[in-house]
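What follows is one structure encoded as structure tokens, with my remarks underneath.
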Amino acid sequence: MATAPELGEQKIEAYVPRINVVTANVSDYQISIEAFGVTQSQGNIALMAKAPGELIELNDKLRRGANFKKGEVLASVDASDFTQNLAIAQAAVAQAQAKLSLEQAAAELAVKDWQRISQEPPSDVTAHKPQLTLAAAAIQTAKAQVALAELNMSRCTLVAPFDGRALKLNAEVGQWLSPGAIVAALLPNTGTEINIPLNLKQLRLLNLPTSGECAALNVYVELP
């Protein structure tokens with residue numbers, strides 16, 4: 001009967017793993033967090049008509065939502081009525097000034113005539129002082145009408161109150177506008193808020209301050 005060959009004595013060698021030792025150093029590094037959020041503007045301003053009239057001009061940037069600069073003309077309202085009112089008011093000023101000159105000349109003659117017949121000082125009525133007062137007041141009234149007409153004319157031009165862009169256009173050329181009518185909604189170039197939901201693990205990576213503390217945190221966002 002055949003038997004298996006006998007095995008000789010076997011030597012088992014100990015396994016020694018090779019490892020690399022690296023010294024850990026404390027340093028700052030950038031963390032990437034993937035999340036989805038919704039952008040929201042920090043607040044928009046309504047561009048409103050200040051004077052009544054027909055809208056005759058719109059800046060094309062309001063239609064395209066392009067950026068505009070502070071002071072740039074965005075819309076214009078027909079100022080024909082106010083131009084006519086200004087001309088009428090200016091004519092009233094000239095007429096009132098001419099009337100004051102006539103009253104001053106008449107008052108001077110009246111005082112001279114009084115002095116020929118009396119050594120007493122002339123009364124206010126004799127010296128035409130009421131007429132002079134009314135004539136001077138008429139000049140002030142006419143000048144106030146000029147200022148009002150100029151103000152209304154300036155209100156016909158709507159300029160950008162800040163650097164920004166248009167969110168929505170609410171009016172079209174040819175439309176009649178009343179004071180306070182919204183022409184467009186404007187968004188200033190002051191930044192945009194992004195609301196991003198984060199889980200607890202992501203929040204710990206951001207090292208946010210605890211309740212009651214304030215600290216600056218720089219976050220760089222990559223938009224797709």
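The values are calculated or read from the model by the stated rules, or taken from the named source; none is laboratory data. Only a predicted model underlies this, so the values are computations on that prediction, with no experimental measurement involved. FYI the Cβ positions are ideal-geometry reconstructions off the backbone, even for glycines, and counts take in every protein chain you see.
Only one of these conditions is not met by Asp124: (1) farther than 16 Å from Phe82 by Cβ; (2) of a type in the set (Asp, Glu); (3) within 37 Å of the chain's Cα centre (by Cα). Which number is it? Only one criterion is unmet by Asp124, namely (3). Going through (1) within 30 Å of Met153 (Cα to Cα); (2) of a type in the set (A, V, I, L, M, F, W, C); (3) modelled with pLDDT under 80 one by one, Ala14 falls short only on (1).
Residues that are touching a residue at least 12 places away in the same chain (Cβ under 8 Å) and not polar (S, T, N, Q) within the range 89-101 comprise Ala89, Ala92, Val93, Ala96, Lys99, Leu100, listed in sequence order. Within the range 153-177, residues that are surrounded by fewer than 18 Cβ atoms within 10 Å (Cβ to Cβ) and among the aromatic types (Phe, Trp, Tyr) reach partners that are at pLDDT 90 or above and not in a loop (DSSP other than H, G, I, E, B) with beta carbons closer than 7 Å, at six or more positions or on different chains, in the pairs Trp176/Glu54.
Just to be sure before I move on: is Ala184 in a loop (DSSP other than H, G, I, E, B) and either under 24 Å from Asp60 (Cβ atoms) or modelled with pLDDT under 95 (or both) in the structure I sent? So Ala184 does not fit the description; no.
Checked against the criterion of being assigned to a helix (DSSP H, G or I) and either under 26 Å from Ile88 (Cβ atoms) or among the hydrophobic types (A, V, I, L, M, F, W, C) (or both), the candidates Ala127, Ala166, Ala147 yield just one match: Ala147.
The set of residues from the range 46-87 being more than 30 Å from Lys168 (Cβ to Cβ), surrounded by 13 or more Cβ atoms within 10 Å (Cβ to Cβ) and not hydroxyl-bearing (Ser, Thr, Tyr) comprises Asn85, Leu86. Of the residues making up the range 94-125, those that are surrounded by fewer than 13 Cβ atoms within 10 Å (Cβ to Cβ) and of a type in the set (Asp, Glu) are Glu108, Asp113, Glu120, Asp124. Which numbered condition in (1) modelled with pLDDT of 75 or more; (2) assigned to a strand (DSSP E or B) is the only one that Glu193 fails? Failed condition: (1). Cβ-Cβ contacts under 6 Å between residues 6 or more apart (or on different chains), taken from a first residue in the range 21-37 that is surrounded by 10 or more Cβ atoms within 10 Å (Cβ to Cβ) to a second residue that is among the polar types (S, T, N, Q), are listed as Ile33/Gln202; Gly37/Asn195.
Among the candidates Lys61, Lys50, Lys69, the residue that is closer than 25 Å to Ala149 by Cα and in contact (Cβ under 8 Å) with a residue 24 or more places away in the chain is uniquely Lys50.
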